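Report on the following structure.
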Amino acid sequence: MSCATFSRLRTCSLRVRISLFLDLYCVLTRVAVAALELAGKPFGAKGIVSSMRPSRYYTVPRESLELFFANLHDLTNFFVLEFQRVLFVENIYTTIAVCYPSPRKYREDC
């Protein structure tokens with residue numbers, strides 16, 4: 001890292017610095033574990049992480065995904081229909097309620 005990067009890091013908030021530290025820690029830990037696993041392969045050693053691997057991986061049932069995407073599809077259609085009802089002034093009061101705050105926002109900024 002260059003000096004400019006370190007000087008920018010000093011001006012970052014504590015939350016950003018902690019986040020950067022944790023990201024770096026996670027990456028370095030994974031690299032170290034992968035290197036140890038790779039170094040043990042020629043000796044036939046079974047690594048620590050390899051020994052923790054489950055015999056069967058977990059999966060998400062198809063029905064759960066279909067239900068989730070069906071609900072997401074219904075929600076999307078609801079918003080599309082409501083948008084069209086406002087756009088084509090199906091309900092005049094709803095259209096006025098949606099459009100009224102828009103110009104007021106610009107007047108408050110001036």
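Remarks
- Of the residues contained in segment 36-55, none is found to be modelled with pLDDT of 85 or more, more than 22 Å from the chain's Cα centre (by Cα) and not acidic (Asp, Glu).
- Pairs meeting the criteria (first residue in segment 78-101 and without any contact (Cβ under 8 Å) to a residue 24 or more places away in the chain and surrounded by 10 or more Cβ atoms within 10 Å (Cβ to Cβ), second residue not in a helix (DSSP H, G or I) and not β-branched (Val, Ile, Thr), beta carbons under 6 Å, at least 6 apart or on different chains) are lacking.
- Where helices (runs of 4 or more DSSP H) fall entirely within segment 46-103, those with at least 2 residues that are among the small types (Gly, Ala, Ser) and within 30 Å of residue 35 (Cβ to Cβ) are at 48-52.
The values are calculated or read from the model by the stated rules, or taken from the named source; none is laboratory data. Quick caveat, the model's predicted, so the values are computed rather than measured. So basically every Cβ, Gly included, is an ideal-geometry build from the backbone, and we count neighbours across all protein chains shown.
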